[in-house]
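Novice: One structure, pasted below without further comment.
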Amino acid sequence: MRKNLRALLGGMNAELSRLRRSRLLIALVLVQSVTFLILVTLFGMTGAYAPTALVNNDNGPLAQVFINSLENDHHSFNLIFMNNETAAREMVAKGDLVAMIVIPQGFSENISEGKTVPIIVFIDNINSDLTADIQRAVPSAVMSFGDGLKFEGVNVGVVETDSYAHNTSFINYMIASALVLDALIISGTLSAFSVAEEFESKTAKILAISPVPPLIPLIGRVMATALVSAGAIAITVFVALVGYGISPAQPFEMVLTLLFCIAIFSCIGAALGAVMKKTLPVALFVLGITLPLFLFSGSYEPQRFDGSLIWGAAHFSPEYYAVGLMEHAVFNLKVTPEPLVLLALALVGWGIGALVLAWFFSRRGFL
């Protein structure tokens, strides 16, 4: 037992010494941990708040009420006040605007007299997704405007009952998922790189004749990479808290979830390193497979909303279980029908399976 413990700590110390000499690698890991967080949120940032010119030719009190309805329409418009000529130039000549909304002269007076007033909307329909966003948002703002003023003739209303007492923005939802993505990429890559290098540098031959099971010092090395990964993820969490204003509902649970994910993903990386035994291919493989797995994990929305086929396929990704745990820790959301205990047990199963693969292929490599 003591002999195995010395081998474990020896492998851990050896890996920490190697990492201390690889300052560029550590620097790249720290940069990568933040850039991936920003990368996955760019979609949400660019997909909301469409740049929209607002031409107000009325300036009456009801026009201002309508403008407030447009501004309060959830994450739809970035309203820029312009005149007709400037808006037309920005939209047509430069292509800087997605849409132009024109409030006609006499809007407030005509509305007060019970007349129907058309709101003129010009859309740059170069992208059907952005076009659909504007087409949904403008009628929503009109309905909100009419409902707020209690117009006669509007006989249908909405009585909303929310499952949660709070709303979670799209970007904030993605941030919690992105923390799990970071844990997979950073810890998985480092541990896979560490194990693969043992075979690539031929030092695995020394482990083959050691008096302890060869997997033990390799696990020690993986523990060292997990410590470095935890430091990199800590920086990412700081950026999420300060830069994005995330306020976790259960901070202690969030930390435990991240550490748990780092441990499991490090085991998965060790298995990949033992299977491939080459540092460059394994690093490219981790980067290549991570984003597809992430997209099938409920990272942008609960995966069960996308149909039974995609939802079933998502269960083959460890990210699915990790995202479920993280969204609950950060926002108290239940994004999977499975209970939290089952999600954690599924990840444990992934970790155990990865260690078995690492042991099997390491043994084959040593032989």
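The values are calculated or read from the model by the stated rules, or taken from the named source; none is laboratory data. As the structure is a computational prediction, the values presented were derived from the model and not from experiment. In this analysis, Cβ positions are derived from the backbone assuming ideal geometry, glycine residues included, and neighbour counts consider all displayed protein chains.
Novice: Would you call MET143 assigned by TED's automatic domain parsing to the domain that holds GLN303, in a helix (DSSP H, G or I) and modelled with pLDDT of 75 or more? Steps first, please.
Specialist: Details: assigned by TED's automatic domain parsing to the domain that holds GLN303: no; in a helix (DSSP H, G or I): yes; modelled with pLDDT of 75 or more: yes.
Taking the combined requirement at face value, the residue does not satisfy it.
Novice: Do we find that VAL323 is in a helix (DSSP H, G or I), under 26 Å from LEU39 (Cα atoms), among the β-branched types (Val, Ile, Thr) and touching a residue at least 24 places away in the same chain (Cβ under 8 Å) in this structure?
Specialist: Numbers: in a helix (DSSP H, G or I): yes; under 26 Å from LEU39 (Cα atoms): yes; among the β-branched types (Val, Ile, Thr): yes; touching a residue at least 24 places away in the same chain (Cβ under 8 Å): yes.
Yes: the conditions hold for VAL323.
Novice: Which one of these is in a helix (DSSP H, G or I), farther than 21 Å from LEU284 by Cβ and modelled with pLDDT of 80 or more: ALA183, ALA192, ALA232, ALA224?
Specialist: On inspection, the qualifying residue turns out to be ALA224.
Novice: Based on this model, can you work out whether ARG136 counts as at pLDDT below 85, more than 24 Å from ILE38 (Cα to Cα) and under 28 Å from the mean Cα position of the chain (by Cα)?
Specialist: Working: at pLDDT below 85: yes; more than 24 Å from ILE38 (Cα to Cα): yes; under 28 Å from the mean Cα position of the chain (by Cα): yes.
Judged against the criteria, ARG136 is a match.
Novice: Take the stretch 70-102 and flag every residue that is surrounded by 19 or more Cβ atoms within 10 Å (Cβ to Cβ), among the small types (Gly, Ala, Ser) and within 31 Å of the chain's Cα centre (by Cα).
Specialist: SER76, ALA99
Novice: Quick check on my filter: what residues within the stretch 274-310 are part of a helix (DSSP H, G or I) and acidic (Asp, Glu)?
Specialist: ASP306
Novice: Residues of the stretch 234-280 being on the phi > 0 side of the Ramachandran plot and hydroxyl-bearing (Ser, Thr, Tyr), which ones? Break it down stepwise before answering.
Specialist: Step one: filter the stretch 234-280 for residues on the phi > 0 side of the Ramachandran plot, giving 245, 277.
Answer for the stretch 234-280, where residues must be on the phi > 0 side of the Ramachandran plot and hydroxyl-bearing (Ser, Thr, Tyr): there is none.
Novice: Check whether at least one residue in the stretch 298-310 is β-branched (Val, Ile, Thr), in the same structural domain as ILE185 (by TED's automatic domain parsing) and free of Cβ contacts under 8 Å to residues at least 40 places away in the same chain, and report yes or no. Before the answer, list the steps.
Specialist: Filtering the stretch 298-310 for residues β-branched (Val, Ile, Thr) gives 310.
Okay, now just the ones that are also in the same structural domain as ILE185 (by TED's automatic domain parsing), so 310.
Imposing the further condition that a residue be free of Cβ contacts under 8 Å to residues at least 40 places away in the same chain reduces the set to 310.
The answer is yes, given that some residue of the stretch 298-310 is β-branched (Val, Ile, Thr), in the same structural domain as ILE185 (by TED's automatic domain parsing) and free of Cβ contacts under 8 Å to residues at least 40 places away in the same chain.
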